[in-house]
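The structure under discussion appears below in the form of structure tokens.
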Amino acid sequence: MIIWERFRKNIFDNKLVCRGDKILLAVSGGADSMVMTSLFSMLKKTIGIELMIVNFNHNLRKESVKEAKIVKKFADNLKIECILKNLNTKEYAKEKNISTETAGRQLRYAELEKTAKEYKCNKIATAHNMNDNAETILMWMLRGTGTEGLSGIPVIRKIDKNLSIIRPVLSVSRDMIDAYAKEKNIKFCTDKSNFKCDYTRNKIRLNIIPALKKINPLFIEHIYNLSTIVKDETAYFKKKINSFISKNVKITKDKIFVNLNAFKLQQKIMQFKILKEIIPDKKRAVHISQVIDWLADGKSKSYILSKDWNIKKSRKYFTFSNLLKAAK
């Protein structure tokens, strides 16, 4: 069973689950999360973990009540505790002046964290899959991104020292999920709003990805492999960047001091990544490249980064200064 092997490999290669974990599964009732729950139920038989399920009704669709009942019945059949929660998405969106999509995501993650801590779970599992990863990367590419955007959805994200979000089916495609659900006769719900081209992600899912798959049926796999390579490269650079910063950067309340000579010895790609990490304002690629060009120029000793920050250089250092704090 390919999906089970990929699920296990992702978990053990990335150390997503350990014996004794208590994992809160975010289950919408869609095929992705229902299949993830089934796989976790199988995993529970092989290692000592505890599972809980939470389902959110965003109060945006009348079908949500029915979907919650399907999730609860599935959880009961697997003997997994299930919590059903209601979210006032429209009200929150209006209050924050944001889209209902953004409001739903913000509320969902806030409630996931709250619920996990309330029930003493140390992991939250979401059912993001290989297709979600490809959609995310394409979204970032359309908006303009550096290499970090090509790393896609992180397989694990720490919230704090006691809680992490894990994505155990990230290495599994939607086709595999659908095939598994059919094979195991798993009942799931289909959110009809996913078939409306109201949001950028839906446009990518419904129009762009099918067109790319016609050119190459393995497109989703190739994007996932690319994101895995970029994640490894990003982790490598992160270590080097942190090492440079610990040795050559001093940060105070209103200033950032950087060893100019040590900075100039770095490759240009490292200079870019160091500045992206420490620069206090104007973090877009064009602005960072302009700062690098200015640092290489021996003429001007001062550079206005933004209305709040400027940079000055001497023989040994270049220094970011907060103009607002300096004026007080």
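Could I get the Rg over Rh figure for the stretch 86-139? Both from C-alpha atoms, Rh via Kirkwood, rounded to two places. Don't skip to the answer; put the middle values down first.
Numbers: Rg = 13.6 Å, Rh = 12.9 Å.
Rounded to two decimals, Rg/Rh equals 1.06.
Could you work out the helix-only [θ] at 222 nm for the chain, with each DSSP H run of four or more residues adding -39,500 (n - 2.57) and the total divided by the number of residues, to the nearest 500 deg cm²/dmol? Could you put the intermediate results ahead of the total?
On the way: 14 runs with 165 residues, N = 328.
That comes out to -15500 deg cm²/dmol.
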#### Entry: Correct option for mean projected area of the Cα convex hull in nm² [calculated from the coordinates] among (1) 20.3; (2) 17.3; (3) 18.5
(1)
### Lys, Arg +1 and Asp, Glu -1 on Cβ, resulting dipole of the chain about Cα centre, debye, nearest 20
1140
### Query
Using the reciprocal of the averaged 1/r over all distinct C-alpha pairs, how large is the Kirkwood radius of the stretch 163-311 in Å?
20.0
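Can you check what the net charge comes to around HIS287, using other residues whose Cβ is under 15 Å from the Cβ of HIS287 (Lys, Arg +1; Asp, Glu -1)?
Details: positive: LYS273, LYS276, LYS282, LYS283, ARG284, LYS307; negative: GLU277, ASP281, ASP293, ASP308.
Around HIS287, the surrounding residues sum to +2.
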### Query
Taking the alpha-carbon set of the stretch 1-96, what are its Rg and Dmax in Å?
15.3, 47
### Task
Express in whole angstrom the spacing between the alpha-carbon centres of the stretch 246-260 and the stretch 146-189.
39
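Can you tell me what the convex hull of the Cα atoms of the stretch 107-167 projects to on average, as an area in nm²?
Numbers: hull surface 19.0 nm².
Across all orientations, the stretch 107-167 yields a mean hull projection of 4.7 nm².
If you restrict to DSSP beta bridges whose two residues both lie in the chain, what percentage is antiparallel, to the nearest 5? Present the calculation step by step, with values, prior to reporting the outcome.
Working: 20 of 37 bridges.
Bridges in the chain are about 55 percent antiparallel.
Can you tell me the dipole magnitude for the stretch 183-245 around its Cα centre, using point charges on the Cβ only (Lys, Arg +1; Asp, Glu -1), in Debye to the nearest 20?
160
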### Query
Beyond 14 Å, what percent of the Cα pairs of the stretch 219-286 remain?
65
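List the trypsin sites (Lys or Arg not before Pro) within the stretch 124-165 that DSSP assigns to loop and that have no more than 11 neighbouring Cβ atoms inside 10 Å.
Numbers: sites: ARG143, ARG157, LYS158, LYS161; in loops: LYS161.
Passing sites in the stretch 124-165 are LYS161.
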### Message
Let's test this: bin the Cα-Cα distances of the stretch 155-251 at 5 Å from zero up to the farthest pair and state each bin's percent.
### Response
2, 9, 10, 15, 18, 16, 11, 7, 5, 4, 2, 1
### Query
In degrees between 0 and 90, to the nearest 10, how far off the longest principal axis of the chain does helix 174-183 point, with axes built from Cα atoms?
20
### Task
With 25 Å as the limit, write out which pairs from LYS158/LYS187; LYS158/LYS313; LYS255/LYS316; LYS73/LYS213; LYS117/LYS240; LYS22/LYS62 have Cα-Cα distances beyond it, or answer none.
LYS158/LYS187; LYS158/LYS313; LYS73/LYS213; LYS117/LYS240; LYS22/LYS62
### Query
Over what distance in Å are the Cα centres of the stretch 209-238 and the stretch 273-307 separated?
31
### Message
Positive end of the dipole of the stretch 144-252, charges at C-beta (+1 Lys, Arg; -1 Asp, Glu), about the Cα centre: which of ALA211, ILE223, ILE166 has its Cα farthest in that direction?
### Response
ILE166
### Summary
Under 5 Å from the placed amide H of ILE124, counting only residues 5+ away or on other chains, we find LEU24, SER164, ILE165, ILE166
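Which order do peptides 302-309, 50-57 fall in by mean Cβ count within 10 Å, highest first? It would help to have the intermediate numbers written out before the result.
Numbers: 302-309: 13.8, 50-57: 21.0.
Ranked by mean Cβ neighbours within 10 Å, highest first: 50-57, 302-309.
Summarise the accessible area of the chain (1.4 Å probe, protein heavy atoms) by the percent that is carbon and sulfur.
Details: 9990 of 18650 Å².
Carbon and sulfur atoms account for 54 percent of the accessible area of the chain.
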### Query
Angle, helix 31-44 long axis vs. longest principal axis of the chain, Cα atoms, 0 to 90°, nearest 10?
80
### Task
Measure nothing but the geometry: give the 0 to 90° angle between the long axis through the Cα atoms of 2-13 and the longest principal axis through the Cα atoms of the chain, rounded to 10°.
40
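The values are calculated or read from the model by the stated rules, or taken from the named source; none is laboratory data. The structure presented is a predicted model; accordingly, all values stated were derived computationally and were not measured. All Cβ positions, even for glycine, are placed from backbone atoms using ideal geometry, and neighbour counts span all protein chains on display. The accessibility values were calculated without ligands, DNA or RNA, using every heavy atom of the protein model including side chains. Shrake-Rupley method; radii C 1.70, N 1.55, O 1.52, S 1.80 Å.
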